[in-house]
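The values are calculated or read from the model by the stated rules, or taken from the named source; none is laboratory data. Nothing here was measured: the structure is a model prediction, and the numbers come from that model. Note that each Cβ is placed from the backbone with ideal geometry, even for glycine, and that neighbours are counted across all protein chains shown.
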Number of protein chains: 2
Amino acid sequence: MSPDRPYHHGNLRQAVLDEAATVVRERGASELSLRELAATIGVTHAAPRRYFPGRQDLLDAVAVEGFARLGARLREAVEASPDYQKQIRSVAHAYLEFTISEANLVELMFAHKRGAGGRAVGESAAAAFTPMLQMFRHGQAEGMLGHHDPERIGLVFLATLQGLAGLVNCGVVPAGQLDALLDDAVARFPHGP
Amino acid sequence: MSPDRPYHHGNLRQAVLDEAATVVRERGASELSLRELAATIGVTHAAPRRYFPGRQDLLDAVAVEGFARLGARLREAVEASPDYQKQIRSVAHAYLEFTISEANLVELMFAHKRGAGGRAVGESAAAAFTPMLQMFRHGQAEGMLGHHDPERIGLVFLATLQGLAGLVNCGVVPAGQLDALLDDAVARFPHGP
DNA sequence: GCGCCAATGTATCCAGTGGAAACAATCTAG
DNA sequence: CTAGATTGTTTCCACTGGATACATTGGCGC
């Protein structure tokens, strides 16, 4: 051990979380090694266990952080304009931008086993999506959605965006086609019989 | 080693592939252990390596098999009726049914790193989706889609289904709401301006 | 029949991983 | 200033994927 470093790190939990997020972003969750991570931070591989008892707990924390960031982006996108038409485009672009530039992180976020300790993950996910769902409620109030349940429309919209991102990330859809597809997708959501 | 079993298994490759598919289906790809797998088959852990040099090669093969099965289901669904309206519902239900009942397998199928040796996976995926894309071409020929590019509409539809399945599988959407959401989703795809 | 060669499986080693438990250093409340 | 709680360390374990050298087998040419 280097004698020039204090015995107590001072902020180990955050350091571990940050480094884990970096590794996940750059190499994917499956490549995250607790030992390697501890080594780059400069502590023993058993030290992080004080804060994250198991590997999955750490990954869950990274996922929660990811949903918080995504939620912030979506909220910004919604609040950028009071016009529903612009909001829906803005949200769609923000979602796809985040989800594609942070592909590895998003894969982790949506891969959490439900029923496991990932309950906190589920809640953070729900929180991240509320700005979008509220947008649809406003859209309906302005008469843009007919008599449909805005909750359902919101979920279908979310599914479309998420699916589009997934298809791009796994190579089924070339990235160049994304904008056209996004326009096609968005165009389906102002209308209602 | 049991002396009552022949030195040569006779069909090791297929046995490995089948057992791997079973484990993936029941416990998820991340839980697949090559050693445990070899043990349950009754060979040494190095034997399967003759056919699948690395762990990823085996997983890729399982994914390809999965896409083949999915493709077959979709083809059946399309060919079940010549009516576009019925086809699109049928395909949607088949896709969701497969994708939710085989959640672990589908997760593997869409998690293949593009650019890796997973090129065969990508091709098998494309093959699986062609029946659906052809359905949209027919739909357009019958005037159900307006002047839109059927390819793009097909991809957006696919994305919606895939996204819906993902949201259900990760718990964001309760399974009970699925049918209603599916109806909402399907209702968006006969129309065209 | 027979012997040789390629195909198939085995035995054994390695570095690395996540996890558990006992121990040491440090901080803090009284 | 000391007792107890925090925070890291050490050391162990079972297991994993992978690599390599070796053993057994089946088939092909003769």
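Here the condition is being in contact with a Lys or Arg (Cβ under 7 Å, 6 or more places away or on another chain) and more than 10 Å from chain A (Cβ to nearest Cβ); of B:190, B:131, it holds for B:131 alone.
Listed by first and then second residue, the pairs linking a residue in segment B:25-39 that is within 12 Å of chain A (Cβ to nearest Cβ) and free of Cβ contacts under 8 Å to residues at least 12 places away in the same chain to a residue that is of a type outside the set (S, T, N, Q) and part of a helix (DSSP H, G or I), with Cβ atoms under 8 Å apart and 6 or more places separating them unless they lie on different chains, are B:31/B:23. If I go through segment B:1-59 residue by residue, how many of them are more than 8 Å from DNA strand D (Cβ to nearest atom), exposed (fewer than 13 other Cβ atoms within 10 Å of the Cβ), under 24 Å from residue B:118 (Cβ atoms) and of a type in the set (Lys, Arg)? Residues that pass the stated criteria total 2. So, residue B:83, is that one within 12 Å of chain A (Cβ to nearest Cβ) and without any contact (Cβ under 8 Å) to a residue 24 or more places away in the chain or not? Considered against the rule, which asks whether it is within 12 Å of chain A (Cβ to nearest Cβ) and without any contact (Cβ under 8 Å) to a residue 24 or more places away in the chain, residue B:83 comes out as no. For segment A:162-180, a tally of residues being facing chain B (nearest Cβ under 8 Å), part of a helix (DSSP H, G or I) and without any contact (Cβ under 8 Å) to a residue 12 or more places away in the chain returns 5.
Any residue at all in segment B:5-27 that's over 22 Å from the mean Cα position of the chain (by Cα) and among the aliphatic types (A, V, I, L, M)?
As a first pass, look at segment B:5-27 and keep what is over 22 Å from the mean Cα position of the chain (by Cα): B:5-12.
After this cut, where a residue has to be among the aliphatic types (A, V, I, L, M) as well, the list is B:12.
Scanning segment B:5-27 turns up at least one residue that is over 22 Å from the mean Cα position of the chain (by Cα) and among the aliphatic types (A, V, I, L, M).
In summary, residue B:183 fulfils each of the numbered conditions (1) more than 19 Å from the chain's Cα centre (by Cα); (2) facing chain A (nearest Cβ under 10 Å); (3) not in a helix (DSSP H, G or I) with the single exception of condition (3).
Evaluate the following for residue B:151: is it touching a Leu at 6+ places or on another chain (Cβ under 7 Å) and either surrounded by fewer than 17 Cβ atoms within 10 Å (Cβ to Cβ) or outside the structural domain of residue B:75 (by TED's automatic domain parsing) (or both)? Against the criterion (touching a Leu at 6+ places or on another chain (Cβ under 7 Å) and either surrounded by fewer than 17 Cβ atoms within 10 Å (Cβ to Cβ) or outside the structural domain of residue B:75 (by TED's automatic domain parsing) (or both)), residue B:151 qualifies. Screening residue A:112 with (1) touching a Cys at 6+ places or on another chain (Cβ under 7 Å); (2) assigned to a helix (DSSP H, G or I) gives one miss only, at (2).
Taken as a whole, segment B:21-42 holds at least one residue that is at positive phi and modelled with pLDDT of 95 or more. Condition first: within 16 Å of DNA strand C (Cβ to nearest atom), of a type in the set (Phe, Trp, Tyr), without any contact (Cβ under 8 Å) to a residue 40 or more places away in the chain and more than 14 Å from every other protein chain (Cβ to nearest Cβ). Can you find one or more residues in segment B:87-103 that meet it? Scanning segment B:87-103 turns up no residue that is within 16 Å of DNA strand C (Cβ to nearest atom), of a type in the set (Phe, Trp, Tyr), without any contact (Cβ under 8 Å) to a residue 40 or more places away in the chain and more than 14 Å from every other protein chain (Cβ to nearest Cβ). Pairs are defined by a Cβ separation below 6 Å, a sequence spacing of at least 6 or placement on different chains, a first member in segment A:119-136 that is on the phi < 0 side of the Ramachandran plot, and a second member that is at pLDDT 95 or above and basic (Lys, Arg); the pairs so defined are A:131/A:75.
Residue A:62 falls short on exactly one of the conditions (1) over 19 Å from residue A:30 (Cα atoms); (2) within 16 Å of DNA strand C (Cβ to nearest atom), and that condition is (1).
Take residue A:40 and decide whether it is in contact with an Asp or Glu (Cβ under 9 Å, 6 or more places away or on another chain) and in a helix (DSSP H, G or I). For residue A:40, the condition - in contact with an Asp or Glu (Cβ under 9 Å, 6 or more places away or on another chain) and in a helix (DSSP H, G or I) - is met.
Let me confirm something: among A:49, A:69, which residue is part of a helix (DSSP H, G or I) and away from DNA strand C (no atom under 16 Å from the Cβ)?
Details: A:49 fails: away from DNA strand C (no atom under 16 Å from the Cβ).
So the residue among A:49, A:69 that is part of a helix (DSSP H, G or I) and away from DNA strand C (no atom under 16 Å from the Cβ) is A:69.
Conditions tested, residue by residue: (1) touching a strand residue (DSSP E or B) at 6+ places or on another chain (Cβ under 9 Å); (2) facing chain A (nearest Cβ under 10 Å); (3) small (Gly, Ala, Ser); (4) within 30 Å of residue A:29 (Cβ to Cβ).
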| position | (1), (2), (3), (4) |
| --- | --- |
| B:119 | no, yes, no, yes |
| B:136 | no, no, no, no |
| B:144 | no, no, no, no |
| B:149 | no, yes, no, no |
| B:160 | no, yes, no, yes |
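Checked across segment B:171-182, the condition of being at pLDDT 95 or above, touching a helix residue (DSSP H, G or I) at 6+ places or on another chain (Cβ under 9 Å) and closer than 19 Å to residue B:82 by Cα holds for no residue.
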